[in-house]
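Bear in mind that the values in this text are calculations on the coordinates, not laboratory data. Note that this is a predicted model, so its numbers are computed, not measured. FYI the Cβ positions are ideal-geometry reconstructions off the backbone, even for glycines, and counts take in every protein chain you see.
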Amino acid sequence: MSACPLRATEALIDDFSDPDGRSRLGTGWRLVTDSVMGGVSTARMAFDTRDGRRVLCIAGEVRLEQSGGFVQVNLDLTRAGTPLDARGFDGVRLIVRGNGEPYNLHLKTRDCTLPWQAYRATFVAGEDWQEVRMPFARFSPSRLSTPLAAGQLTQLGLVAIGRAFQARLCIAQVGWYREHEDGAAPSSGG
């Protein structure tokens, strides 16, 4: 099965403007905690308006007891089971704000056959809105040995993980970005 290529106009994955909570890909966001494997971390996910922006927020407590240690929101990137092809882009672009803590962005591909496998990049979400750009080259494989295949993406997740802390993260936009030959990024239109 080949991947669905993205057109240049499809750089925005979600700006949370759909009242039903669906992304621009037509898929919905899901909240997952370590309770799926016996952990005791707790979280809630909500669509809201902050500073005039539609946002997706996750808030919760990451706890390490019972082999736990994560809370996340994730989004299916496939269309009818076909992976998304983002090879025409250089990486992932977020507009976020949080509580000054580090968070992970996880990408999954067809190579991620086990739930704990992902490609990870870390960013800090400060208390003010900020744009974060994470090039595909910055994503490290976790519990797998194959390099990230940007042409075979199946899932994107924003994750609070690995240590006990209070998670508070709001996302106003998520999408792909491409660097221009002159080094300038394309206009986001927002």
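Quick one: dipole size for the chain, taken about the Cα centre, charges +1 on Lys/Arg Cβ and -1 on Asp/Glu Cβ, in debye to the nearest 20. Walk me through the intermediate numbers first.
Details: 22 positive and 21 negative charges, 74 e Å.
The calculation lands at about 360 debye.
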(message) Projecting each Cα onto the charge dipole of the chain (Lys/Arg +1, Asp/Glu -1 at the beta carbon, about the Cα centre), which of GLY26, TYR103, GLY69 comes out farthest on the positive side?
(response) GLY69
(message) Binning at 5 angstrom from zero up to the longest distance, how are the C-alpha pair distances of region 64-159 distributed in percent?
(response) 3, 12, 22, 25, 19, 12, 6, 1, 0
(request) Quote the charge dipole size of region 117-182 about the Cα centre in Debye, to the nearest 20; the model charges only the Cβ of Lys and Arg (+1) and of Asp and Glu (-1). (result) 460
(message) Given points 7 Å out from each Cα along the Cα-Cβ axis, report the ARG54 to ARG143 separation in nanometres with one decimal.
(response) 3.4
(request) Would you mind calculating the relative contact order of the chain from Cα pairs under 8 angstrom and at least 6 residues apart, reporting the percent as a whole number? (result) 28
(request) Quick one: which residues, 5 or more positions from TRP29 or on another chain, have an amide H under 5 Å from its amide H? H modelled 1.01 Å from N in the peptide plane, none for Pro or chain starts. (result) SER23
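If I stretch the segment between THR82 and ARG133 completely, what's the gain in nm (0.36 nm per residue apart, minus their alpha carbon distance), one decimal?
Full-extension gain reported as 15.8 nm.
Can I get the semi-axes of region 6-97's equivalent ellipsoid? Compute them from the C-alpha gyration tensor as square roots of 5 times the eigenvalues, in angstrom, largest first.
Working: eigenvalues 143, 63, 30 Å².
They are 27, 18, 12 Å, listed from largest to smallest.
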(request) Using semi-axes √(5λ) of the Cα gyration tensor in Å as the read-out, say which of (1) 42, 23, 12; (2) 24, 21, 16; (3) 28, 21, 15 was calculated from these coordinates. (result) (2)
(message) Which of ALA43, ALA121, ALA137 ends up with the largest GNM mean-square fluctuation for the chain, with Cα atoms connected below 10 Å?
(response) ALA137
